[in-house]
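Q: Below is a structure I'd like to ask you about.
The values are calculated or read from the model by the stated rules, or taken from the named source; none is laboratory data. Keep in mind that this is a model prediction, so the values were computed, not measured. Note that we place each Cβ from the backbone using ideal geometry, even for glycine, and neighbour counts take in every protein chain shown. For the accessible areas, the whole protein counts, side chains as well, though only heavy atoms, and no ligand, DNA or RNA atoms are used. Shrake-Rupley method; radii C 1.70, N 1.55, O 1.52, S 1.80 Å.
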Amino acid sequence: MSKSKFFTGQPVFNQLLSLIPRSLFNPLVRKYNADRYCKKYRSYEHLVTMLYCCFHQCTSLREVITGMQASSLRLSHLGLLSTPRRSTLSDANERRSADLFQDLYHALYGRYYGHLPDSVGSKKLIDKLIIIDSTIISLFSTVMQSTGSFGLNGKKKGGIKANVVVRAAHNLPCFVRLSEGKRSDKKFLSEVALPKGSIVVIDKGYNSYKHFLQWSLAGISWVTRLNRASVYHIVSSRSVSERQQQAGVLSDHEIQLGNPATALKTPLQKARLIFYCDAVSKQTFEFITNNFIYSASTIADLYKKRWQIELLFKRVKQNFQVNYFLGDNENAIKIQVWCTLIADLLLKIVKDKADRKRRWSMANLSALVRLHLGTYIKLFDFLAEPDKALLNYVDPVDKIQLEIFPLKSRGG
């Protein structure tokens, strides 16, 4: 086999795992005593197994274990001495704390994309924009209670809710909390710390006058839709230019937001109410915000960018398997969701690097990595020139086997 710059001594999976430094992972293991009473199957082996499950979209314990057994000759590169038993993996998913994987995700995000700064000094709107929303993943058991009506049998499927904070500039969750599907979205806002100067776009399901007031006092702009139950009083109307009218703005008002009857508990706050008509759907929307600087059409455009988080949810659910879970307990479900988010984060890191030479969609990248997870090839060189990379490829594992057991010649 001729030498080529594409070939390497490590499979693609190991190159992805190299993005998770042990210096970052080991302190978290010690923090949660995750390896306590574990003789063989330690936290790192558990992480590798679950990432294998996510990348290969496995739907059962048997698929994970038999798939890894088929690649047993490559396990040494992954830091594994042997494949676990199904019962071993099942027990680890039930007993090892999901908080370990939660902290690992946030630590990896902070390493490669930075944590939320104390203040946002950039003048670009995309750098200031933060989107908050939630999505529910349906479960086939009642282990976590969900929303919705009960079935004919008097039972209701469970659901795990992911409340997500996304920095629009990165299109990645920078802060995530997993909970039961029935938990109110408003409770999540108390856990979110946002930098001064941010622009927060939220769905009307998150509307909370208490948090709106806190954000206004902290110098944070917020944009949302008017809830039907909202109480407000129009103070004055702002002029709408002809250009704004052509952009779809119907009217612009200054309002007092809040109920005067409960003003002692939650003070009234000054806000802005914008009526906007979408040019395509001809549907009218009512936006409220505490920002009096941006034009009404800009406020409407900011809320439109909230759709970006819906595309993020779609990306994760399409590129990874989140319909079947390896365990029917809350801890196992959370571990699998966190490992799915870690796998998506690793692919996003690879995509951002690879886009410097050739642009890839996340769907194509995910499929390519899944197919070549055990291939011994330099990942970034492969993504730069995928058509040429595998022309002279010979699997090193198969080559070793042929050298040990050579084929007999025809005349032998």
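Q: Kindly express, to the nearest 10 degrees and within the range 0 to 90, the angle between helix 22-31's C-alpha long axis and the longest C-alpha principal axis of the chain.
A: 70
Q: Between ASP91 and CYS277, what length comes free when the chain is fully extended (0.36 nm per residue of separation minus the Cα-Cα distance, one decimal in nm)?
A: This chain segment gains 61.5 nm when fully extended.
Q: Okay, next question. Compute the distance from the alpha-carbon center of the range 173-202 to that of the range 320-391, in whole Å.
A: After rounding, the separation between the Cα centres reads 27 Å.
Q: Separate question: Can you give me the relative contact order of the range 268-321 as a percent, contacts being Cα pairs under 8 Å and 6 or more apart?
A: 25
Q: Still on this model: Restricting the calculation to Cα positions, tell me the Rg (one decimal) and the Dmax (whole number) of the range 165-253 in Å.
A: Both quantities, over Cα of the range 165-253: 15.9, 48 Å.
Q: Still on this structure, please answer the following. Which angle from 0 to 90°, rounded to the nearest 10, does the C-alpha axis of helix 61-70 make with the longest principal axis of the chain?
A: That helix lies at roughly 40 degrees to the long axis.
Q: In the calculated pair distance distribution of the range 1-120, what percentage of Cα-Cα distances lie above 22 Å? Write down the numbers at each step before the final one.
A: Numbers: 3010 of 7140 pairs.
Roughly 42 percent, rounded to a whole number.
Q: Need the full-extension length gain, ASP118 to LYS31, defined as separation in residues times 0.36 nm minus the C-alpha distance. One decimal, nm.
A: Extra length available between ASP118 and LYS31 comes to 28.7 nm.
Q: Additional query: Extending each Cα 7 Å along its Cβ direction at ASN329 and SER237, get the distance between those two points in nm, one decimal.
A: Result for the modelled spin labels: 6.3 nm.
Q: Okay, next question. If one takes the longest principal axis of the Cα atoms in the chain, at what angle in degrees, from 0 to 90 and to the nearest 10, does the Cα axis of helix 86-95 lie?
A: 30
Q: Candidates (1) 25.7, 100; (2) 20.8, 71; (3) 25.4, 87; which is the computed Rg and Dmax of the Cα atoms in Å?
A: (1)
Q: At 1.4 Å probe radius, can you tell me the per residue accessible area of the chain in Å²?
A: Numbers: 21590 Å² over 412 residues.
Here the per-residue accessible area is 52 Å².
Q: What trypsin sites (Lys or Arg not before Pro) does the range 3-90 have in DSSP loop regions with at most 16 other beta carbons within 10 Å?
A: Taking the range 3-90 and a limit of 16 other Cβ atoms within 10 Å, the loop trypsin sites (Lys or Arg not before Pro) found are LYS3, LYS5, ARG36, LYS39, LYS40, ARG42, ARG85.
Q: Express the relative contact order of the range 179-331 as a whole percentage, based on alpha carbon pairs under 8 Å and six or more residues apart in sequence.
A: 18
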